[in-house]
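The values are calculated or read from the model by the stated rules, or taken from the named source; none is laboratory data. Everything numeric in this text was worked out from a predicted model, so none of it was measured. Counting neighbours? That spans all protein chains shown, and the Cβs are built from the backbone with ideal geometry, glycine included. Calculation scope for accessible area: heavy atoms of the full protein, side chains included, ligands and nucleic acids excluded. Shrake-Rupley method; radii C 1.70, N 1.55, O 1.52, S 1.80 Å.
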Amino acid sequence: MSESGKVYLVGAGPGDLGLVTLRAKECIENADVIVYDHLANPEMLSWAREDAEIVYAGKEGGASQLSQQEINDLLIEKAREGKQAVRLKGGDPFIFGRGAEEAQAITDAGILFEIVPGITSAIAGPAYAGIPMTHRAHNSHVTFFTGHEDPAKSESAIDYAALAKLGGTQVMLMGVERLGAITSQMLKHGVRSDLPVALVRSLRLANSKRLQARFQISPKRL
């Protein structure tokens, strides 16, 4: 393995180019190989060198894509060739982005890597919608949870009863397809039915919109 080979797990942010970090841009500009997801704004690829290899990994529900194992193997292969490989991931690599799995595989292979944090949609989405995550007088804690767990799990690892007791601001990511089922579980475990809720979708696009500003949390409404 060449000592110069290295993998950069880069957070692409929520889609707005103005929210991409300078370090992320620098990594893209210097990369020999870029492996990117559909959630990464493709305009970022214009920063790449003309001779850079660009690989689309997919990661879009129902569409053709590389498996997670294939992505891991590709990053390791390119690094072993002595190349600087950028893994460009929407949001932040370590917030429901499977960045930890990729970092583990790279570490196990003895490859050098660097994490480049990105702004997660879990923060940017509410901010764009004008919703404060915390408020000195009203809310002192925030919880993130996924609406799309590993389908191989025999049962959900999310403790809805704990979420009901915890309160505060709670942000669910990737839950559109299971919104009704998750809402039912939350109500079943004690979440109050008049809980204020906001749904934000297509955050990375120009037509990003908040679907509902405030409504009762009821499966019939979803």
Subject >> Nonlocal amide H pairs with V35, under 5 Å, H built at 1.01 Å >> reply: V55, V86, R87, L88
Original post:
Restricting attention to region 140-207, which trypsin sites (Lys or Arg not before Pro) occupy a DSSP loop and are surrounded by at most 12 other Cβ atoms within 10 Å?
Top reply: K153, R192
Original post:
What is the extension gain from H141 to H38, computed as 0.36 nm multiplied by their sequence separation minus the C-alpha to C-alpha distance, in nm to one decimal?
Top reply: 34.0 nm
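With a cut-off of 8 Å between alpha carbons and a minimum separation of six or more residues, what is the relative contact order of the chain in percent?
Contact order relative to length: 21 percent.
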Original post:
So how strong a dipole does the chain carry about its Cα centre when Lys and Arg Cβ are +1 and Asp and Glu Cβ are -1, to the nearest 20 debye?
Top reply: 1420 debye
Subject >> Net lengthening on full extension, E26/D159 (0.36 nm per residue, minus Cα-Cα) >> reply: 43.9 nm
**OP:** List every residue whose amide H lies under 5 Å from the amide H of L199, counting only residues 5 or more places away in sequence or on a different chain, with H placed 1.01 Å from N in the peptide plane.
**Re:** L211, Q212
Subject >> Per residue accessible area of the chain, 1.4 Å probe, in Å² >> reply: 56 Å²
Original post:
Round to a whole number: what % of the accessible area of region 20-107 belongs to carbon and sulfur, probe 1.4 Å?
Top reply: 49 percent
Original post:
Non-local amide H neighbours of E114 (under 5 Å, H modeled in plane, Pro and chain starts lacking H): which ones?
Top reply: V7, Y8, L9
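Taking a ≥ b ≥ c as the square roots of the Cα gyration tensor eigenvalues, with a/c under 1.5 meaning rounded and otherwise prolate when a/b beats b/c, else oblate, which class fits region 13-118?
rounded
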Subject >> Estimated vicinal HN-Hα couplings, Hz - region 13-18 in sequence order (Karplus 6.51, -1.76, 1.60; Gly, Pro = x) >> reply: x, x, x, 6, 4, x
Original post:
Here are some pairs, K89/K188; K25/K83; K165/K188; K153/K188; which of them have Cα atoms lying more than 23 Å apart in this structure?
Top reply: K89/K188
Original post:
Within region 118-196, which GluC sites (Glu not before Pro) sit in a loop by DSSP and count at most 11 neighbouring Cβ atoms inside 10 Å?
Top reply: E155
**OP:** Could you pull out the GluC sites (Glu not before Pro) across region 40-132 that fall in loop regions by DSSP (anything but H, G, I, E, B) with no more than 14 other Cβ atoms inside 10 Å?
**Re:** E50, E60, E81
